[in-house]
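Undergrad: First, the structure itself, so that you have it in front of you.
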Amino acid sequence: MSAAWQKAKGWIYTASGAKVDLMAPAPEMFCLADIARGLSRTCRYGGHTNSFYSVAEHSVHLANWARSISMSLDAQRAALFHDAAEAFVGDFPAPIKEALPGLERMEEEVHSAIRKRFGVYPIGKFPALLTADRLIRYDEVAVLFDPGLIELGDERLGVPIWGLNPRAAEVSFLREAEKLGITDPREGDYTPLD
């Protein structure tokens with residue numbers, strides 16, 4: 001293996017040309033455009049849906065729901081960014097994450113750096129969002145899978161699932177971030193939250 005490969009093995013390049021070290025992520029490595037691009041091209045449910053459904057669209061739905069019940073701006077931001085690390089590490093089904101604890105650790109470290117960069121709290125700070133993230137699955141499954149294929153719970157979040165194409169999902173995510181006052185901070189111009 002070449003020395004260059006050894007040095008670069010933890011890095012990925014993003015659509016903006018940024019270099020992100022997944023083994024040692026730092027807040028300044030992340031920008032909003034890369035998060036929107038990555039999430040809008042990452043399909044939920046391992047891609048096993050009847051139509052494309054991105055993590056970006058899922059995140060926008062959760063943020064819209066939080067706004068619809070008058071949750072705080074911090075909660076809405078947490079909802080939008082709750083899966084932001086998946087823009088860089090992918091959306092793996094739970095059994096894969098459980099089998100690969102290093103993947104979960106990497107995802108959490110990336111997510112922590114992103115939250116610091118954008119001043120966003122973790123979703124766990126808002127128990128109602130954790131419940132909503134679980135319930136939205138029933139809304140998604142009802143639209144994205146063949147009827148009767150998967151048993152649905154009685155309780156749902158009640159959000160419409162659009163099935164946006166990747167470009168529309170990217171734009172939707174960026175517009176939602178703008179509504180919530182989330183922008184790319186200048187390098188070093190951000191305050192980590194407790």
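Undergrad: Out of the residues in region 88-138 that are without any contact (Cβ under 8 Å) to a residue 60 or more places away in the chain and touching a His at 6+ places or on another chain (Cβ under 8 Å), state the one that is nearest to ARG44 (Cα to Cα).
TA: ILE123
Undergrad: Separate question: What tally of residues in region 41-93 results from selecting those that are over 15 Å from the mean Cα position of the chain (by Cα) and either aliphatic (A, V, I, L, M) or crowded, with 22+ Cβ neighbours inside 10 Å (or both)? Quick ask: steps written out before the conclusion?
TA: The first filter runs over region 41-93 and keeps only residues over 15 Å from the mean Cα position of the chain (by Cα), leaving 47-52, 65-74.
Then drop every residue that is not either aliphatic (A, V, I, L, M) or crowded, with 22+ Cβ neighbours inside 10 Å (or both), which leaves 65-66, 69, 71, 73.
Residues flagged as over 15 Å from the mean Cα position of the chain (by Cα) and either aliphatic (A, V, I, L, M) or crowded, with 22+ Cβ neighbours inside 10 Å (or both) within region 41-93 amount to 5.
Undergrad: I'd like the residue in region 6-23 that is without any contact (Cβ under 8 Å) to a residue 24 or more places away in the chain and assigned to a loop (DSSP other than H, G, I, E, B) and, out of all such residues, is farthest from ALA56 (Cα to Cα). Steps first, answer last, please.
TA: Filtering region 6-23 down to residues without any contact (Cβ under 8 Å) to a residue 24 or more places away in the chain leaves 6-11, 13, 15-19, 21.
In the following step, the residues that additionally are assigned to a loop (DSSP other than H, G, I, E, B) were identified as 9-10, 15-18.
On the way: LYS9: 27, GLY10: 24, ALA15: 16, SER16: 17, GLY17: 20, ALA18: 20 Å.
The selected residue is LYS9.
Undergrad: Given (1) in contact with a strand residue (DSSP E or B) (Cβ under 8 Å, 6 or more places away or on another chain); (2) assigned to a helix (DSSP H, G or I), identify the lone condition not met by ALA128.
TA: (1)
Undergrad: Report, by residue number, each residue of region 136-170 that is under 17 Å from ASP83 (Cα atoms), open to solvent by less than 60 Å² (accessible area, probe 1.4 Å) and of a type outside the set (Asp, Glu). Outline the logic, then answer.
TA: From region 136-170, those under 17 Å from ASP83 (Cα atoms) are 136-137, 140, 166, 169-170; that's our starting set.
Add one more test, that the residue is open to solvent by less than 60 Å² (accessible area, probe 1.4 Å), and what stays is 136, 140, 166, 169-170.
Passing the criteria: ILE136, PRO166, ALA169.
Undergrad: Answer yes or no: is there a residue in region 146-158 that is part of a helix (DSSP H, G or I), under 23 Å from ALA36 (Cβ atoms) and of a type in the set (A, V, I, L, M, F, W, C).
TA: So the first thing to find is which residues in region 146-158 are part of a helix (DSSP H, G or I), and the list is none.
Looking for residues that are part of a helix (DSSP H, G or I), under 23 Å from ALA36 (Cβ atoms) and of a type in the set (A, V, I, L, M, F, W, C), one finds none in region 146-158, hence no.
Undergrad: Does at least one position in region 55-77 carry a residue that is basic (Lys, Arg) and over 18 Å from ASP133 (Cβ atoms)? Break it down stepwise before answering.
TA: First, pick out the residues of region 55-77 that are basic (Lys, Arg): 67, 77.
Still in the running and over 18 Å from ASP133 (Cβ atoms): none.
No, region 55-77 has no match at all.
Undergrad: Answer with yes or no whether ASP189 is at pLDDT below 90 and part of a loop (DSSP other than H, G, I, E, B). Steps first, please.
TA: Values: at pLDDT below 90: yes; part of a loop (DSSP other than H, G, I, E, B): yes.
Criteria met by ASP189.
Undergrad: Contact list please: Cβ distance under 8 Å, first residue in region 39-59 and within 12 Å of PRO93 (Cα to Cα) and at pLDDT 95 or above, second residue aromatic (Phe, Trp, Tyr) and open to solvent by 20 Å² or more (accessible area, probe 1.4 Å), pairs at least six apart or on different chains.
TA: Filtered contacts from region 39-59: CYS43/PHE52.
The values are calculated or read from the model by the stated rules, or taken from the named source; none is laboratory data. The model shown is predicted, which means the values in this text are computed figures rather than measured ones. As a convention, Cβ positions derive from the backbone with ideal geometry for all residues, glycine included, and neighbour counts pool all protein chains shown. All accessible areas refer to the heavy atoms of the entire protein, side chains included, with ligands and DNA or RNA removed. Shrake-Rupley method; radii C 1.70, N 1.55, O 1.52, S 1.80 Å.
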